[in-house]
Amino acid sequence: MAQQSRVSRQAGLPVMREISARVVSRNVPLVGSRWRGGLVVEAEGRRVALLMPGSLARWFSPGERVLVRFLDEPEPVGGVYVAPRDSYELWRLWGGEGREERVKAWPPWRAETRLVKESIVGEEVYEYDVVAREAVTEQDYEEIVGLEQYHYASKEEIVAIWRCPVCGYYKEANVQPTCPRCGVPMKLQEIRGSLPSSRFLVLELKRREPYEPRIVAYVRVDTPIPLMHRRVPRPEGGFEIERMAREKICGRDWFHPTFWPLAYSRRRELLRKFRELLELYQSRRVARAALGDAIADEALRRANTAAARIARVVVHPDYRGDGLGVVAVRMALRWIEERRVPEMKRGKHIVETVAQMARYNPFFEKAGFVYMWDTASGRPVLMYPLSEEAKRCIERYLREDPVGRSHGGRLFRSRYGVVEKLASPLRISRLTKIYRSELDISRLPESLQEVLRAFGAERRIVERYVLRDVSLDIEPGEVVAVVGASGAGKTTLLRMIIGAAVPGLRENPETRESYTPNEGSVEAPPNTRIEYLLPGEHEPVFDAEETLLEHVYRRIGDPAAAVEVLNAVGLSDAIFYRARFNELSTGQKERAKLASMLASKPNLLIIDEFTAHLDRLTAQRVARKLSRIARSAGITLIASTNRPEVLKALAPDKIILVGYGTAYVERREGPGAGRAGGA
Ligand SMILES: [Zn+2]
């Protein structure tokens with residue numbers, strides 16, 4: 001690179017070459033510090049302002065040595081030189097003379113990945129092209145606020161603090177408010193619950209439809225929690241608290257010193273400073289805020305751990321249940337390892353997370369996290385080793401510690417389990433169904449009757465074969481698609497099977513005609529437990545006052561299994577758990593119906609016009625998901641559709657083609673492929 005270096009006419013600084021520099025000061029503004037700010041460095045006798053978000057700049061201290069490489073010449077702006085965000089690279093030099101390590105700080109970390117969703121037979125159904133990168137703009141943080149709302153259990157929870165750019169008035173709100181004093185739109189100040197030490201990673205869709213959100217997930221990475229105690233079960237029941245659990249198992253100093261403003265113990269000094277600030281500002285509130293900033297700065301300067309904590313993973317609700325949570329966690333792990341976030345100091349050995357939700361949703365485990373123990377307050381702790389040393393620590397713990405041995409590092413266990421499969425195949429033999437309609441003009445207006453009489457139609461019975469002499473078997477646990485043009489007889493075939501499985505339908509005079517074949521038979525085994533959906537005719541009934549979670553729990557009888565069922569259909573959020581059916585969108589209602597049917601643990605699930613009201617991508621997601629659940633639980637699934645993309649996502653074992661009065665089976669694979677019955 002040295003050959004390419006040239007000298008800037010403006011600043012006299014070399015470009016395209018790494019040069020040693022020293023931090024002079026940092027700029028972390030009071031307003032918008034997450035995305036605005038910078039560092040002033042001194043390099044080759046010049047002072048240059050490097051523009052970067054305050055969330056990075058605040059981790060540097062005056063006097064610190066860095067390496068900088070200008071891609072463009074810094075520009076003189078009113079007596080100082082300014083390097084815009086896209087014009088330089090920056091490394092922190094960490095570890096002291098002789099054993100210095102370079103930790104890259106700028107440009108912000110970024111990586112691309114592709115998440116391909118495959119059907120059960122390995123066909124690509126759809127994919128996401130995802131860019132993971134650190135949040136650096138105001139818009140990034142506004143979208144994080146939008147996502148954060150979905151994280152909270154209650155709609156009343158306020159997730160962001162906003163500030164008036166004119167008068168400085170603060171207000172808490174979930175969407176951008178207007179200043180009650182000045183009437184101007186307020187600016188985002190901070191995400192509630194985050195710390196000065198927090199860093200944010202966003203997942204952006206590289207290719208997206210106009211109606212899709214830009215950011216579909218975010219991860220908040222922080223320093224480890226200051227103190228962690230764990231529960232150790234007693235043999236006689238109950239548990240005792242073991243203090244400082246991590247330090248006994250992993251490197252003692254990995255988790256310290258962490259960001260912990262409360263540990264600032266120089267009380268006397270604080271009080272003196274507070275009195276000075278009070279004198280200066282004449283306001284206790286302002287003095288307290290200023291002191292808080294000073295304490296936070298000191299805590300940031302001290303923080304230097306070999307660990308990191310994933311404090312939050314939030315996926316947009318429309319994109320749940322598709323593995324984006326796992327992708328988000330994996331990307332965050334790479335970011336932590338490569339950039340040593342959040343502190344950008346020591347190399348990282350281990351990543352921790354403390355998440356009650358990990359009991360119900362295994363995405364941390366899918367990303368490679370290992371369950372360790374429960375904290376003193378009963379929240380599960382999971383860890384991910386980034387180094388060989390950390391891996392050995394965790395393995396030793398799982399081998400030697402009684403708590404570790406008892407669970408083997410696994411937290412999530414499916415509570416849905418399997419159903420009692422159909423005891424024998426559904427056997428359709430020589431089935432014939434005639435559609436019969438009676439033309440009776442006597443109830444029409446007199447003028448129309450006259451016209452019809454002119455055509456010779458007065459009273460006539462119309463009959464046609466919908467299904468004629470159809471024979472086929474559906475094996476226990478099979479996933480079967482029924483395809484054919486509309487009106488071809490798909491629904492009729494499903495009704496014949498439903499009639500055999502639901503007692504009473506063929507005895508009831510009102511339903512007898514629809515559910516009974518004219519000739520032939522359908523046999524269903526005696527242990528059949530059916531759930532079926534005929535849109536507009538037979539659908540799960542939701543109580544207007546009942547939340548989804550209550551509804552599903554009432555049917556399945558186990559809270560953990562209820563959450564699992566909702567997660568499985570992609571309604572994995574506290575907002576959905578607490579929502580009532582009428583509050584959902586069309587696509588969400590479709591998923592809720594599936595959850596309701598799955599919750600009664602049927603061994604036969606029949607769905608007519610499957611996903612007919614859903615957009616292409618949602619239909620594929622739901623089909624793929626349902627096919628997987630049916631297979632893992634042993635449910636016989638029969639779904640009718642005429643959408644090729646849904647068929648692909650279902651990846652059925654058997655396709656029944658219906659049309660022109662016949663129905664026959666087209667096997668997708670195996671020796672039995674081809675015609676297996678029919679007229
Ligand atoms: Zn104002």
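We did not get these values from a lab; they are worked out from the coordinates using the rules stated. Predicted, not measured: the structure shown is a model, and the values here were computed from it. Heads up, the Cβs are rebuilt from the backbone with ideal geometry, glycines too, and the neighbour counts pull from every protein chain shown.
Computed quantities for the displayed model
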| read-out | value |
| --- | --- |
| Length-normalised contact order for the stretch 405-487 - Cα pairs under 8 Å, 6+ apart - percent | 40 percent |
| Counted charge near residue 217, where neighbours are those whose Cβ lies closer than 10 Å (Asp, Glu -1; Lys, Arg +1) | 0 |
| 34 Å tail of the calculated P(r), the chain, as % of Cα pairs | 58 percent |
| Selected from 131, 347, 281, residue furthest toward positive end of dipole (the chain; charges at beta carbon) | 281 |
| Cα-projected label distance for residue 16 with residue 47, points at 7 Å along beta-carbon direction, nm | 3.1 nm |
| Net +/- balance of residues flanking residue 423 in space, Cβ distance below 15 Å, scoring K and R +1, D and E -1 | -2 |
| Debye-sum result for the stretch 541-600 in log10 I(q)/I(0), which assumes one identical scatterer on each alpha carbon, at q = 0.17, 0.22, 0.24, 0.25 Å⁻¹ | -0.42, -0.73, -0.89, -0.97 |
| Flagged links, alpha-carbon separation over 18 Å, of 248/391; 273/345; 625/648 | 273/345 |
| Relative exposure of 128, 384, 170, judged by other C-beta atoms within 10 Å (fewest first) | 170, 128, 384 |
| For the chain, size of Cβ-based charge dipole, Lys and Arg +1, Asp and Glu -1, in debye | 2340 debye |
| Antiparallel bridges, percent of DSSP beta bridges restricted to the chain (to nearest 5) | 80 percent |
| Additional length obtainable on full extension of the chain from residue 86 to residue 512, 0.36 nm per residue less Cα span | 146.0 nm |
| Cut-off 14 Å, label 7 Å out along Cα→Cβ of residue 527, residues of the stretch 622-651 by amide N | 634-636 |
| Cα lying deepest toward the dipole's positive end in the chain, options 650, 378, 79, charges on Cβ | 79 |
| For 259, 412, order by how many other beta-carbon atoms lie within 10 Å, fewest first | 412, 259 |
| Radius ratio Rg over Rh of the stretch 179-238, counting only Cα atoms, Kirkwood formula for Rh | 1.24 |
| Cβ-Cβ FRET estimate between residue 438 and residue 401, R0 fixed at 56 Å, reported to 0.05 | 0.15 |
| Residue among 472, 331, 195 farthest towards the positive dipole end of the chain, charges placed on Cβ | 195 |
| 222 nm mean residue ellipticity, helices alone, for the chain (DSSP H n ≥ 4; -39,500 (n - 2.57); rounded to 500) | -8000 deg cm²/dmol |
| Built amide H within the under 5 Å cut-off of residue 187, gap 5+ | 163, 164 |
